[in-house]
Structure formats: C-alpha cells, structure tokens
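The values are calculated or read from the model by the stated rules, or taken from the named source; none is laboratory data. Just so we're clear, the structure is a prediction, and the values are computed from it rather than from any experiment. Methodologically, a virtual Cβ is constructed for each residue, glycine included, from the backbone with ideal geometry; neighbour enumeration extends over all protein chains shown. Side chains are part of the model used for accessible areas, which takes the heavy atoms of the whole protein and leaves out ligands, DNA and RNA. Shrake-Rupley method; radii C 1.70, N 1.55, O 1.52, S 1.80 Å.
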Amino acid sequence: MKQITFERKHEALSFCEYLLDYSQDIKLHWQQHKKWGLTINIEQASDVKELHSVLIQGFIHVFQIHKESAWLHEIIRDCYYYNDVDEVEAIVDLCHTLLRDELEEDMVPQHKLSHGQHQTILKTVFAEALKEEESVHFDSIIVFRMHTFYNDLIDFVGYALDEYKREEEYQSYVEHLREYMHLKPSNMDHLLIVQGPNFRFYDKNGNLFRQEELKRLTNEEPLYLFGLEKEEMNITPIIAFAPEKITLYGDDSSDPKTITILNVFQEKVEFLPLRNFPFKRLSSQ
C-alpha cells in the first residue's frame, strides 16, 4: 500500500480525481492529520508497475495545475522584474505554449524544458521519490527534489521572454506594414500567389511575373522602412502591387511567409488549397 500526503486539500482532491478518472478500481482511503495534512492510502493493484505509472502522472497533473503557474508568475516577477498584470499573464500563457509537447519543433528554437521535454524531467523526479519510499509527501518532493528543475525553469522563462520580445517586434513590424499599405494607392485589382520556397506571382489572367519584372517594380519601394533587403522577393512585390484582393494558393498554412501575408493584409487575402489554382500550368520562373 502506498501512502501519499498532501498539505493542501485542493491538491489532494485533484490527485484523487485524476486516479479515479483513470480507474474506478483503485481504492483510496483518507486520513486527516493536523500537522501533516491529508494522507491518502492507496491499495496496491496487482500490476505494481502500472500503479506507479499512474501515481507519477497524478503527481505531474497536480504539479502542473497547482504549482507550475505559481512558479512561473514568481519567476517572471522576482527574477525578471515584470510587474504589469496583463504582460505577466501574456508571458505565462506563452510559457505554457512553449512547454507543450504538441508544439511544432520547427516553430521556435528548443530549450531543455520546451516541446514537452519538461514532462520527462518531472517523471524522473516523481519516479525516484516513489521508488525510494512507501510513504511519500508531495510537498517534500517539491521542496527537496525540485531545485534543479526550478533553476531550469528560471532559464526557460528567459528563453520564453526572448520569444515574447521577438513576437512584440514582429507585431510592431506587421502593424507598420499595415499602416503603410492603408495609405498606399492600389496598383492592381487582383494578385494571385502560389506558395513555395519563394512565392510565385500571377495576374488575374494567369500570367506569371518574372523575376526581372518584380525587381524593376520593387526598386522604387522604400524597403528600408521595413528592414527588408532589395533581394527579398516574397513580401516586397505585394507591397509594390498593393492589390485590392489577394488569393494565396498552397497547402501549408503554418508557412511563416504565409502567416505574415495573412496578418498584414487580413480581409484582402483568401487562402485556398493549391489544387484550386485556376490555371492549368504553374509556370516556373
């Protein structure tokens, strides 16, 4: 029989709910202690290894619900000196996003805790505690076994803040482009774009714009205002054309260039599958 003690009742309840959601066959018995808190006696199932696995996941569940956000708030305020409530919440939300294992690996650089890797570390910490003791105190694990994880989390928040600042810069860049395009007269009613390593641009009749045409067209644009190089040939042609309507064809909605186009031109852009391209042949440049 395993004994698990929690100082806080709401954490004990979360733990029990997790176990019972996993299996109604797990038998739980409660004991309240004035000094130690709430002790849960767990009857050992026939499959000891499976029970240990469930207990570890239960610990992780409680930690992520009741400790993780509190630690992130504390680190952001005390280690990085952010105090604005809305800004702190935005950074905490970003931290949770970067920690999740379903995060695309190529979306942002990796940290040792990001992309779900923190789960492996937490599993190791809780597994060692369960292996060594029949009676386990959850808060003792947090206090005595989580120093390394906490320090890694401080470093992780710094990593998340770098991403936060990059996102702020990106949003400023997008807003700057929006304002410029709002004032710029349109030079085309409908521009068709096909995704690829480099965008291909067509007029409404399906005629491909060659590189020479695009370079000649973009040479007069004040690209320095947006930090764009003259060689950049994905965003600058759209700035030069300033179309009333854009139809973008492709199959990768997560493509960074595509996301920027959608963010800058918003309601002017329609994103369609590549198979919907209305002309028979996709000319190469």
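Peptides 127-133, 10-16, ordered by how many other C-beta atoms sit within 10 Å of their residues on average, highest first, read 10-16, 127-133. Note on VAL125: accessible area is roughly 20 Å² with a 1.4 Å probe, heavy atoms of protein only.
The simple spin-label model puts a point 7 Å past each Cα toward its Cβ; for LYS215 and SER140 those points are separated by 7.3 nm.
With each label modelled as a point 7 angstrom along the Cα→C-beta vector, the ARG178-SER23 pair spans 5.3 nm.
Here the chain carries DSSP beta bridges of which approximately 55% are antiparallel, counting only pairs with both residues inside. With the charge dipole of region 4-84 set up from +1 on Lys and Arg Cβ and -1 on Asp and Glu Cβ about the Cα centre, the Cα lying farthest toward the positive end among the listed residues THR39, ALA70, GLN24 is that of THR39. Relative contact order, whole percent, for the chain stands at 14, derived from Cα pairs under 8 Å and 6 or more residues apart.
Scalar couplings 3J(HN,Hα) for region 250-260, obtained by applying the Karplus form with A = 6.51, B = -1.76, C = 1.60 to θ = phi - 60°, are x, 10, 10, 6, 8, 4, x, 5, 5, 4, 4 Hz; x denotes Gly and Pro. For region 49-65, 3J(HN,Hα) computed residue by residue from phi via the Karplus equation (6.51, -1.76, 1.60; θ = phi - 60°) reads 4, 5, 4, 4, 4, 5, 5, 4, 5, x, 4, 4, 4, 5, 4, 5, 6 Hz, glycine and proline entered as x. Available extension along the chain between ASN198 and ARG100 is 32.2 nm, counting 0.36 nm per residue and deducting the alpha carbon span. Which of the lysines could a cross-linker span from LYS27 if the Cα-Cα distance has to be under 19 Å and same-chain partners fewer than 8 positions apart are dropped? Excluding near neighbours in sequence, the set is LYS2, LYS9, LYS49.
Distance from the alpha carbon centroid of region 62-98 to that of region 167-189 works out to 32 angstrom.
The modelled label-to-label distance for the pair ARG166/ASP78, using points 7 Å beyond Cα in the direction of Cβ, is 2.9 nm.
Rank-order 65-73, 238-246, 202-210 by packing density, defined as the average count of other C-beta atoms within 10 Å over each peptide's residues, highest first. Display every interim value, and only then the final one.
On the way: 65-73: 16.2, 238-246: 19.8, 202-210: 14.4.
Top to bottom by mean Cβ count within 10 Å: 238-246, 65-73, 202-210.
A 1.4 Å probe run over the chain, with the rest of the protein chains in place, finds 57 Å² accessible per residue. In the assembled protein chains, LYS268 presents an accessible area of approximately 70 Å² (probe radius 1.4 Å). Counting only protein heavy atoms and a 1.4 Å probe, tell me what percentage of region 3-62's accessible area is made up of carbon and sulfur. Carbon and sulfur atoms account for 48 percent of the accessible area of region 3-62.
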